[in-house]
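Following: one structure in structure tokens, then a few remarks.
Bear in mind these aren't lab numbers, they're just calculated from the coordinates by the rules spelled out. Not measured: the values here are computed from a predicted model. In this analysis, Cβ positions are derived from the backbone assuming ideal geometry, glycine residues included, and neighbour counts consider all displayed protein chains.
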Amino acid sequence: MSKGSHVRKLIASLLPVVTAFGMTVVFTPTAGAAPCAFSKAGRTGTYRHCANSFALIKFVWSNGASGTTCLGPWGETKLYPDGRHEVTRAYRVSKPPSTMKNAQGKTICRAGQPSA
């Protein structure tokens, strides 16, 4: 059994006790989690949004083309290569993303996003 699984089991067993005493527990990402903002492993990029808000993310391809996507609070997206082209960078822009309310009244990202 890995060290990570031991830690998860320990946290899971302690959580009811900690909650009963009204203590606050803060979890930090595991070592395998992507860092906040853009990171890359091989040819695949990852963008991780570490805030309690919606964000418009601009990404740039190796051929100079670019696009945008929306991420919800604490969201993460994979930016996969497309043939010989791959995403070389991605960053949050100040322009707000296009959102909407779903049938349950929850705010979500729209399929189409504004250009940045």
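Go ahead and run the numbers for FRET between Asn63 and Met100, Cβ-Cβ distance against an R0 of 35 Å, rounding to 0.05.
0.65
For segment 34-116, what are Rg and Dmax over the alpha carbons, in angstrom?
Computed over the Cα atoms of segment 34-116, radius of gyration and Dmax are 13.0, 41 Å.
Order these by the 10 Å Cβ neighbour count, fewest first: Cys50, Cys70.
On the way: Cys50 14, Cys70 22.
Ordered by Cβ neighbours within 10 Å, fewest first: Cys50, Cys70.
Looking at segment 43-116, which trypsin sites (Lys or Arg not before Pro) are DSSP coil and have at most 12 other C-beta atoms within 10 Å of their C-beta?
Those that pass, being in a loop and sparsely packed, are Arg84, Lys106, Arg110.
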